[in-house]
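First up is the structure itself, then whatever we jot down about it.
The values are calculated or read from the model by the stated rules, or taken from the named source; none is laboratory data. Bear in mind that the values here come from a model prediction, so they are computed numbers and not experimental data. Ideal geometry is used to build each Cβ from the backbone, glycine not excepted, and the neighbour counts take in all protein chains shown. Accessible surface is based on the protein model in full, side chains and every heavy atom, while ligands, DNA and RNA are left aside. Shrake-Rupley method; radii C 1.70, N 1.55, O 1.52, S 1.80 Å.
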Amino acid sequence: MSMHSCFIMETSFCRYKQRGKDAVMANNVFFYITYEGTVDIDKIADPVQRRAMQDQIAYFGQTPSQLLTVPHMKRKSLRDVLQLQTIFRNPSELKSYVLPNPERCNVPASTMLVSNDSIVVVDINVPAAHVALHQWQPNTPDGQGTPFLFHHGRNAASSTSGAFMRMFKGSTSSGEDYEFPRAIGFAASAIRSSAIVAVTCDKDIITGGHADCSVKLISPDGARTIESASGHLAPVTCLALSPDSNYLVTGSRDTTVILWRIHQAGFIHKKNPPEPPPATPRTPRSPLPTSPSSMSNLLETRKCRIEGPMHVLRGHLGEVISCAVGPDLGLVVSSSNMSGVLLHSLRTGRLIKKIHVAEAHAVSLSSQGIILVWSESKKRLSSFTVNGVPIATSVLSPFSGGVSCIEISMDGHFALIGTCSSSNYKCEDNTEVADHEPNKSSRKVDISEQTEIRQSVNVPSICFVDLHKLKVFHTLELGKGQDITAIALNKENTNLLVSTADKGLMVFTDPALSLKVVDQMLRLGWEGDGLLQSSESHRC
């Protein structure tokens, strides 16, 4: 065997399997004198034996030097590389791009979803909200200075029904021309719209706040009601989806929290439909007999997207105002002004922990196991572990506005906080979740109050927050009247979509990052691990 063939033989296997049992199992064993360090030619005194050894090396070669003793780390996929190059790495390089024709964007929005091929925008009229489905391609320069491609979605006027309505309305204005389809719903009073709507990974919309106390699943195309589920005895006041859209939690005025299972669009019930009885030769055209039992079996086989209630979580003493769910952590987090923050088990539905905080108007759950709590009247951010242990506290001061939305990064280390000039929450100064005692000096005091830090934040703006320290390390300031109503990040966290109260829709991204992504797609695309294929294989 020549040195060239020996080298090919060695590189055909992992280098760490050069010696020992692993080499034998990998059929990567050669003649013993070919291994490095086995023979020292300088110590061979016999010239004939030394010449023979040199000829052996010249004609048969030596095995290459062993570089590794453990398996080499695999090359990262494109999706993993993109997660390392997010807007949180260098936020000072972000630039804003205002989307054209805001009257065609369906803003201001209550919630949005940004995927690799489309943007779902739900306006603030939840539950009877307009729904827009825009097409776009992130990280794809359009050649005119914009690092993405964007096309407005089809409106109701573009459909046949819209043309039919124009026959009776006559000439319509530009605003009516771009009226997007609207969901049918009757809203309950005094419920914050952004807290009762969410968009699944399948781009379907889930809404609460209905007067009939139900939860509805709405399609993005046509805003049609696909399914309706009931479990609460009062209107739903807040809801939240898990990052993979497999679980939904809803809070209500009846003080309960319900856990639901959400199935994807292609879900089919496991039970096979009953086979119809065969037709007899005498009555080939007679109708098939139907009975109540057979009809119920047919209904059971019909696919159901919202499954539940799986658990009814109890423990709150008042209206539930915020909730979050983390399947990987096995945790459901919910809050109310009367009973603070409660942690329930996703598997059993049992109460695990009660976090004693004076107010909790909004709660969020990080994939790293960090619970973020916002108190509107105290202007305080607090973070806790899943065991309820305080981590950090930050007070936004001076801060005269309110927090309209919170978005957690995909890696769970950062948070984006959108601010507005007015508060969206009901603040009660006399609420106290600690046990009320006659002696005021003996009441419980938040541990987080003792180590809080103060930070100045302008309104309106988007704050970049480190969840481990609760420090605002960057701020995107907006103009007067541009109160933030909704924000959304794409899966790779390379693009940030922002909706403002003045009916503006803008994208924050790093144009240099977009070029890097395109370059990586070209270099890694030959491996079959392009951005589109990677997103499909990792579909939530």
Single residue of segment 131-146 satisfying the filter (in contact with a Pro (Cβ under 7 Å, 6 or more places away or on another chain) and at pLDDT 90 or above) that is farthest from LYS203 (Cα to Cα): VAL131
Failed item in (1) closer than 20 Å to HIS413 by Cβ; (2) modelled with pLDDT of 95 or more; (3) not hydroxyl-bearing (Ser, Thr, Tyr), with ASN387 passing the rest: (2)
Residue within segment 387-408 that is free of Cβ contacts under 8 Å to residues at least 40 places away in the same chain, open to solvent by 40 Å² or more (accessible area, probe 1.4 Å), in the same structural domain as SER194 (by the TED database) and over 18 Å from SER422 (Cα atoms) present: yes
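For (1) among the small types (Gly, Ala, Ser); (2) over 21 Å from GLU407 (Cα atoms), each residue gets a yes or a no:
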site	(1), (2)
LEU94	no, no
ARG104	no, yes
ALA109	yes, no
LEU113	no, no
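For segment 137-150, state whether one or more residues are in contact with a helix residue (DSSP H, G or I) (Cβ under 6 Å, 6 or more places away or on another chain) and at negative phi.
In the first step, residues of segment 137-150 are kept if they are in contact with a helix residue (DSSP H, G or I) (Cβ under 6 Å, 6 or more places away or on another chain); the result is 139, 147.
Still in the running and at negative phi: 147.
Scanning segment 137-150 turns up at least one residue that is in contact with a helix residue (DSSP H, G or I) (Cβ under 6 Å, 6 or more places away or on another chain) and at negative phi.
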Pair list, Cβ < 9 Å and 6+ apart or interchain, from segment 252-267 residues that are free of Cβ contacts under 8 Å to residues at least 60 places away in the same chain to residues that are aromatic (Phe, Trp, Tyr): TRP260/TYR247; ARG261/TYR247
Failed criterion for SER293 (all others in (1) touching a helix residue (DSSP H, G or I) at 6+ places or on another chain (Cβ under 9 Å); (2) at pLDDT below 95; (3) open to solvent by 20 Å² or more (accessible area, probe 1.4 Å) hold): (1)
Filtered residue count, segment 337-378, keeping only those that are under 24 Å from the mean Cα position of the chain (by Cα) and part of a strand (DSSP E or B): 15
Single residue of LEU288, LEU233 found to be in a loop (DSSP other than H, G, I, E, B), hydrophobic (A, V, I, L, M, F, W, C), at pLDDT 50 or above and open to solvent by 80 Å² or more (accessible area, probe 1.4 Å): LEU233
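Taking SER189, is it in contact (Cβ under 8 Å) with a residue 60 or more places away in the chain and not charged (D, E, K, R)?
Details: in contact (Cβ under 8 Å) with a residue 60 or more places away in the chain: no; not charged (D, E, K, R): yes.
No.
I need a count of the residues in segment 379-424 that are part of a loop (DSSP other than H, G, I, E, B) and within 22 Å of ILE191 (Cβ to Cβ).
If we filter segment 379-424 for residues that are part of a loop (DSSP other than H, G, I, E, B), which is where we start, we get 379, 386-389, 397-401, 409-413, 421-424.
With the extra rule that they be within 22 Å of ILE191 (Cβ to Cβ), the set shrinks to 401, 421-424.
The total comes to 5.
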